[in-house]
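Novice: One structure, pasted below without further comment.
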Amino acid sequence: MTSRISLTRYLVEQQRHHGLIPSQLRLLIEVVARACKRISISVNKGALGDILGTAQTENVQGEVQKKLDIIANEVLIEANEWGGHLAAMASEEMEGIYVVPNRFPQGEYLLMFDPLDGSSNIDVNVSIGTIFSVLKKADNGEGVSETDFLQPGTQQVAAGYCVYGPQTTLVLTVGHGVAMFTLDREQGSWVLTQDEVTIPADTKEFAINMSNTRHWAPPVKHYIDECLAGKEGPRGKDFNMRWVASMVADVHRILTRGGIFMYPWDKREPEKPGKLRLMYEANPMSFLIEQAGGASTNGKQRIMDIVPKKLHERVSVVLGSKNEVERVTSYHLEENN
Ligand code: AHG
Ligand code: MN
Ligand code: MN
């Protein structure tokens, strides 16, 4: 019988071979994974667990919160506040940072999360997820503040997501490739089911919300028009389209079989760089995609090089198969010249 590799063993071996996971970071990742297990159980209960529908609240970005947005946020905070591994947390669902309370020891890591990604899919029983990103607090002898979080994505020490779909899968990078773990519900454990995930450089599949076509900038329209022209067009091949409207599910498909995902700037709200959030969505997904050999830009520059100015900053996102991302980026750069 081939032995199953658990998440714990994977983390221990990563530390042994690459020295990337000190024990506090291992604890952090295991705690996040345990919280995801709890969220997965709630998701599976659905209507039986009273988790469907809308709460009577709005988040800092003015979006109506779903019950599960709030539940998932609470689960992640409760799971992570007492372990001594964190200095503070930040979430898409909270206005300010959550500093670890005084009654617990403070660690050196900063955790950011989108507790529930794909909220519009909760009630319709379509894949949703949790996205997370880990930074280290600068060792400046000062108490933790929002400024500590404003580091570019290149500073991430770990990132990942959990997708609650037909299977519950945890996808992780600690800066040495991407690994996927499937939740074994009978055993309650995460089992390594794919290591060294790689994304093909070329693809014939794109993901974008086509209902926004009329609002796009010319370079995005140019790229999609060429895809839609198919075999007879300049690309000389037919393209397929997918749009789940849960970034976790769209990115999971790209990590599994390649593709390109875009949520670009559009002219409905010109002052807004994009819909997706840099710290909770774009940075962790970019780290995973790059670690799997793909690329990720905002159309003009590498997303992980952006120095955030604020916690809830938004960004335009183009990520996935390298050659396609480079093509979209070159169309944007040509437009600027
Ligand atoms: P969230 O549920 O965390 O607000 O994120 C939803 C995001 C992302 O997951 C998805 O790609 C996108 O919003 C879908 O947007 P549209 O509904 O505009 O297609
Ligand atoms: Mn999201
Ligand atoms: Mn969310």
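Every number in this text was worked out from the coordinates using simple rules, so none of it is lab data. As the structure is a prediction and not an experimental result, all values here were calculated from the model. Glycine gets a Cβ as well: all are built from the backbone with ideal geometry, and neighbour counts include every protein chain shown.
Novice: Give me the Kirkwood hydrodynamic radius of region 32-141 in Å, from all C-alpha pairs, to one decimal place?
Specialist: Values: mean 1/r = 0.0684 Å⁻¹.
This gives a value of 14.6 Å.
Novice: Hey, which lysines would be in cross-link range of K66, C-alpha to C-alpha under 25 Å, not counting anything within fewer than 8 residues on its own chain?
Specialist: Counting by Cα, and skipping residues close in sequence, K66 has these lysines nearby: K37, K45, K272, K275, K310.
Novice: Quickly work out the H176-to-M241 label distance, labels modelled 7 Å from Cα along the C-beta direction, and quote it in nm with one decimal.
Specialist: Once both label points are built, they end up 4.3 nm from each other.
Novice: If you bin every alpha carbon distance in region 160-275 into 10 Å steps from zero, what whole percent lands in each bin?
Specialist: 12, 34, 30, 19, 5, 0
Novice: Among all helices in the chain defined by DSSP H, which have a length of 27 Å or more along the axis from Cα atoms plus a Kyte-Doolittle mean of at least -0.5?
Specialist: Values: long enough: 23-45 (33 Å, 0.41).
For the chain, where a helix must reach 27 Å along its axis and average at least -0.5, the hits are 23-45.
Novice: Counting only other residues whose beta carbon sits under 14 Å from that of A88, what net charge do I get with K and R as +1, D and E as -1?
Specialist: Values: positive: K136, K137; negative: E81, E95, E108, E142, E146, D148.
Spelling it out: positives minus negatives among the neighbours equals -4.
Novice: Would you calculate the convex hull of the Cα atoms in the chain and tell me its volume per residue in Å³?
Specialist: Here the figure is 150 Å³ per residue.
Novice: About its Cα centre, how strong a charge dipole does region 205-336 have in debye, to the nearest 20, once Lys and Arg get +1 and Asp and Glu get -1 at the Cβ? Could you put the intermediate results ahead of the total?
Specialist: On the way: 20 positive and 17 negative charges, 55 e Å.
Using Cβ point charges on Lys, Arg, Asp and Glu, region 205-336 gives about 260 debye.
Novice: Can you list the equivalent-ellipsoid semi-axes of region 7-194, largest first and in whole Å, using the square root of 5 times each Cα gyration tensor eigenvalue?
Specialist: Value: 26, 22, 14 Å, ordered largest first.
Novice: Take region 205-336, drop everything but the C-alpha atoms, weight them equally and run the Debye formula without solvent; then report log10 I(q)/I(0) at 0.22 Å⁻¹ to two decimals.
Specialist: With no solvent term, the Cα-only Debye profile gives -1.51.
Novice: Follow-up question, since we're still on this one. PRE reach from D202 (point 7 Å along Cα→Cβ): which of region 240-270 fall under 11 Å by backbone N?
Specialist: Once the point is set 7 Å along Cα→Cβ of D202, nothing inside region 240-270 turns out to lie under 11 Å by backbone N.
Novice: Mind jotting down the three principal axis lengths of region 91-191 based on Cα atoms? Whole angstrom, largest first.
Specialist: Principal-axis extents of the Cα atoms in region 91-191, largest first: 46, 31, 30 Å.
Novice: Going 7 Å from the Cα of D139 toward and past its Cβ, which residues in region 96-113 have a backbone nitrogen under 20 Å from where you end up?
Specialist: Under cut-off, by backbone N: 105-111.
Novice: Another question, then. Give me the distance between the Cα centres of region 1-50 and region 148-219, rounded to whole Å.
Specialist: After rounding, the separation between the Cα centres reads 15 Å.
Novice: Let me ask something else about it. If pairing requires two Cys Cβ atoms under 4.7 Å apart, which cysteines of the chain are left without a partner?
Specialist: Singleton cysteines: C227.
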